[in-house]
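The values are calculated or read from the model by the stated rules, or taken from the named source; none is laboratory data. Predicted model only: the values in this text are computed from it and were never measured. All Cβ positions, even for glycine, are placed from backbone atoms using ideal geometry, and neighbour counts span all protein chains on display.
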Amino acid sequence: MQFTATIGGKAASTGPDFAIFNPATGQQVGRAPNMGQMELDAAVSVAKTASLSWSAQSDESLASACAAVTAHIEAHSAELAEIITLEQGKPLNGLGSRWEMGGAAAWAGYTSSLSLPVKVLQDNEQGRVEQHRKPLGVVGSITPWNFPVMIAIWHIMPALRTGNTVVIKPSPLTPLSTLRLVQIMNEVLPPGVVNVVTGDDIAFNLGAAMSAHPDIRKIVFTGSCATGQKVMQSAASTMKRLTLEMGGNDAGIVLPDADPQAIAEGLFWGAFINNGQTCAAMKRLYVHDSIHDAVCDALVAYARNIPVGNGMEEASILGPIQNRMQFDKVARLVADAATRGRVLLGGAPGEGLFFPPTIIAGLRNGDALVDEEQFGPALPVIRYSDVDEAIRLANDSENGLGGSVWGTDISAAKAVAQRLACGSVWINKHGAIQPNAPFGGVKKSGLGVEFAEEGLAEYTDIQVIFS
Ligand code: NAD
């Protein structure tokens, strides 16, 4: 597969390129353009020009253009799902690339239907005060490799809906689906409204150049905390608006009244969705002493039947880890955890980039697999005896993206949820984000929110008109 980058509605001229590999087989699946400052400047410049007419449209016309983009993406779902599987590794089946495309279409559709009408703050004999929302101009989107198309949609659609234009830069590990997505969008959008640049991060760091670019008014970034902090630093000189969705180390707390059999499936998918390579996956599980062994047994019994294999095969429900660096991190954390706790399932690397679902009990805060974000298929289980202590241990993290509480007394579970220091808490499930609920992290997990009206507002400046 070789897709050109789209700049100003046209295929950008091809120069040097770089290879993309299928993590399931190690084989090259395609090549992407290796671009630099010149191509970035060209993309920003056409996006800036396009924003003049795009932002001048009526709200209804922006909404219907976004609805047309949504329909066109839906029509290309099967093709995009296959590209995602080939470059990312996740299976077509299960909660894999077809599911990712279903989410992408759902988010695109819902975001198209939102609007930010003028708010009348005051209207009396002292005067009328109106709050308007104005587009920013050019939005720079920087995405990671775990959900390449869904996260691109999360960034692009609210920007378009509010009258901004976009330059997107995907991860060097999964650029092909974004190159194709932007081609598809350009079939129904005016030239320059959505543009894409790709690079290998070796010859030139496009993300760093975007964060400092004087004509990009906002960066929406999803990725690691370390990179997000760099984005924030380089955005300072141009006072860019920022939405940063960064790493998490989400805790799940199983209360003593939980039913181990009933929660096993939810616990598994909360932790192992996309092989654990999910920002808001459950990355630490605290289980009450009284049901600890029963929960571990039920979880392991469910997990051992999940087929792991090449994502192009329909039988596969989980695929490989996406890249060598992530694989090595998971292998290091699991090897260390195995010396400290009890391996209940998995525990040793498989072939190539495959790593079996791994569950290790007998761990505690301070162990690396508990404290660090593993971003892979390995779940540490920590036994606790006092709920206050479990809450303290769950909150003992620099991150605060999501969390979950599991139990049969829902109001008791909600009371625990309110004491967790994180942006989202789920009861008897984990990571179930939805387009009508704002999503974002506290502490080092991010800045700002995505989704819903609150997320849409982050693509605008407020202007107040007093008359
Ligand atoms: P990463 O930070 O390495 O890369 C993310 C993006 O930043 C890539 O496109 C990369 O090319 C770009 N980049 C690299 N250097 C840059 C720089 N100096 N300035 C600007 N951009 C730069 O993250 P990753 O490894 O692709 O993704 C994994 C991480 O992302 C995990 O920590 C995970 O928790 C996090 N994540 C968070 C969310 C969320 O919504 N909170 C969602 C998915 C992933």
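If you filter region 168-207 down to residues that are crowded, with 24+ Cβ neighbours inside 10 Å and over 22 Å from residue 88 (Cβ atoms), you find that the one that is farthest from the chain's Cα centre (by Cα) is 192.
Residues in region 276-299 that are under 14 Å from residue 345 (Cβ atoms) and either of a type in the set (S, T, N, Q) or within 27 Å of the chain's Cα centre (by Cα) (or both): 276, 285, 299.
For region 73-121, a tally of residues being surrounded by fewer than 17 Cβ atoms within 10 Å (Cβ to Cβ), in contact (Cβ under 8 Å) with a residue 40 or more places away in the chain, over 19 Å from the mean Cα position of the chain (by Cα) and part of a helix (DSSP H, G or I) returns 2.
Annotation: residue 57 fulfils all but one of (1) in a loop (DSSP other than H, G, I, E, B); (2) surrounded by 14 or more Cβ atoms within 10 Å (Cβ to Cβ); (3) under 26 Å from the mean Cα position of the chain (by Cα); the unmet one is (3). When 330, 334, 295 are screened for being in contact with a strand residue (DSSP E or B) (Cβ under 6 Å, 6 or more places away or on another chain) and either assigned to a strand (DSSP E or B) or within 16 Å of the ligand (Cβ to nearest atom) (or both), only 330 passes. Tally time: how many residues in region 1-39 are touching a Lys or Arg at 6+ places or on another chain (Cβ under 8 Å), modelled with pLDDT of 95 or more and surrounded by 15 or more Cβ atoms within 10 Å (Cβ to Cβ)? The number of residues fulfilling the criteria is 3.
Of 353, 363, 369, 393, all but one fail to be under 22 Å from residue 427 (Cα atoms), hydrophobic (A, V, I, L, M, F, W, C) and either touching a residue at least 60 places away in the same chain (Cβ under 8 Å) or in contact with a Pro (Cβ under 6 Å, 6 or more places away or on another chain) (or both); the exception is 393. Could you list all residues from region 164-184 that are more than 14 Å from the ligand (Cβ to nearest atom) and either closer than 20 Å to residue 135 by Cα or at pLDDT below 95 (or both)? Correct list: 164, 165, 166.
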